[in-house]
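What follows is a set of notes on a single structure, which appears directly below.
The values are calculated or read from the model by the stated rules, or taken from the named source; none is laboratory data. Just so we're clear, the structure is a prediction, and the values are computed from it rather than from any experiment. Neighbour counts are summed over all protein chains in view; Cβ atoms, including those assigned to glycine, are modelled from backbone coordinates with ideal geometry. With ligands, DNA and RNA removed, areas are computed over all heavy atoms of the protein, side chains included. Shrake-Rupley method; radii C 1.70, N 1.55, O 1.52, S 1.80 Å.
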Amino acid sequence: MTQVSSSTELVTEAVLRAQGVKVYYGTNLAVRDVTLDIPFNKVVAFIGPSGCGKSTILRCFNRMNDLVASARVEGKITFHGRDLYASNIDPVETRRRIGMVFQKPNPFPKSIFENIAFGARINGYKGDMNELVEDSLRRAALWDEVKDQLQESGLALSGGQQQRLCIARAIAIAPEVILMDEPCSALDPISTLKVEELIQELKQQYTIVIVTHNMQQASRVSDLTAFYNAEATEGGNKVGYLVEYDRTEVIFQNPTQQATQEYVSGRFG
Ligand SMILES: Nc1ncnc2c1ncn2[C@@H]1O[C@H](COP(=O)(O)OP(=O)(O)OP(=O)(O)O)[C@@H](O)[C@H]1O
Ligand SMILES: [Mg+2]
């Protein structure tokens, strides 16, 4: 079943499950043997030093690595028990159900309104677009700041507002899972706090996986934490692997692995 050890109350249905996942870029093995479950309506944090494969594994969960020509995924990833890489699975539909928010806010060079409406329209949304735009912006805690400037460019917003716009855009297409790769690394502390509050709010409805280098953030927002590390191979390449995965409080207060202890207390990385 799951690697989540000590607590059973957190072990709900796994939405995503990685079993023995390896990712290669060309002939280089970048990450090996990742086995973990992402439980329903929880926030899972991925932490670990730079280059240990956090983004690589995150991208496996919505087939973003398909877009990297040299990337090859081995092992098994299931979404609600179905093989995510089976030939009958549509990667575009997968990315609708499993949305992504990137490190650098990347609004479309369109109006705030269109940033939300565009993806929804492409995905065949037939409802009231004004309502969807308002609702998505409200849920992303941005509505009050932008309601009088919906026709202005999304690029004219501050970085923190742009990131919340990207989150609004992600939730507008009704995903089940949101993958966030260092969503706050370009934000000031106040915007960071807003995004963290938003994650807490979104957790009621979505399953969230967040990569972060900010230990306080991981401990504030996540229920479970996966610590990755990398080791040098004989050929000199570094290969990432999952060291330990448990409830966040266990990872931060009482991890089983020494490397985890050293990392969360800031002694390396
Ligand atoms: N598009 C790519 N092509 C080739 N190699 C890549 C590519 N993306 C990542 N890698 C390699 O895979 C390994 C893992 O990278 P990844 O970006 O997943 O690490 P990370 O843990 O997210 O690091 P960071 O904390 O710096 O974002 C690294 O050795 C990296 O050089
Ligand atoms: Mg990364």
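Residue separation times 0.36 nm, minus the C-alpha to C-alpha distance between residue 257 and residue 86: what's the value?
58.1 nm
Test of understanding: in a Gaussian network model of the chain with alpha carbons linked when under 10 Å, which of 153, 87, 136 would top the mean-square fluctuation ranking?
Highest fluctuation of the listed residues: 87.
When the helices in the chain are scored as -39500 (n - 2.57) per DSSP H run of 4 or longer and the sum is shared across all residues, what 222 nm value do you end up with, to the nearest 500 deg cm²/dmol? Numbers along the way, then the final one.
Working: 10 runs with 88 residues, N = 269.
So the calculated ellipticity at 222 nm is -9000 deg cm²/dmol.
With +1 on the Cβ of every Lys and Arg and -1 on the Cβ of every Asp and Glu, and nothing else charged, how large is the dipole of the range 1-147 about its Cα centre, in debye rounded to the nearest 20? The partial results should precede the final answer.
Details: 20 positive and 16 negative charges, 87 e Å.
Using Cβ point charges on Lys, Arg, Asp and Glu, the range 1-147 gives about 420 debye.
Tally the DSSP beta bridges in the chain and give the antiparallel ones as a percent, rounded to 5.
Of all bridge pairs located within the chain, approximately 60 percent are antiparallel.
Considering Cα pairs under 8 angstrom that are at least six residues apart, work out the relative contact order of the chain and quote it in whole percent. Present the calculation step by step, with values, prior to reporting the outcome.
On the way: 512 pairs, mean separation 70.9, N = 269.
Worked out over the chain, it gives 26 percent.
How much length would be gained if the chain were fully extended between residue 102 and residue 125, taking 0.36 nm per residue of separation minus their Cα-Cα distance, in nm to one decimal?
Separation in residues times 0.36 nm, less the Cα-Cα distance, equals 5.9 nm.
Need the list of aspartates and glutamates near residue 76 for cross-linking: C-alpha distance under 16 angstrom, and skip anything on the same chain fewer than eight residues off.
Reachable aspartates and glutamates: 33, 37, 66.
How about residue 110: which aspartates and glutamates have a C-alpha closer than 15 Å to its C-alpha, ignoring those fewer than 8 places off in the same chain?
Output for residue 110: 152.
Would you please classify the overall shape of the range 145-196 from the alpha carbon gyration tensor, given that a ≥ b ≥ c denote the square roots of the eigenvalues, rounded means a/c under 1.5, and beyond that prolate means a/b larger than b/c while oblate covers the rest?
oblate
Just tell me which lysines come within less than 20 Å, Cα to Cα, of residue 42; anything on the same chain fewer than 8 places away is out.
54, 194, 203
Hey, for a label at residue 151 modelled as a point 7 Å past Cα toward Cβ, could you say which residues of the range 113-141 have their backbone N under 14 Å away?
113-114, by backbone N distance to the label point.
Using a 1.4 Å probe, what is the accessible area per residue for the range 151-269, in Å²?
Value returned for the range 151-269: 43 Å² of accessible area per residue.
Which percent of the accessible heavy-atom area of the range 143-246 goes to carbon and sulfur, probe 1.4 angstrom?
Taking all protein chains in place, the range 143-246 shows 45 percent carbon and sulfur surface.
Considering the chain as a Gaussian network with a 10 Å cut-off on Cα pairs, which listed residue, 182, 93, 131, attains the greatest mean-square fluctuation?
Maximum fluctuation in the GNM of the chain, among the listed residues, is at 131.
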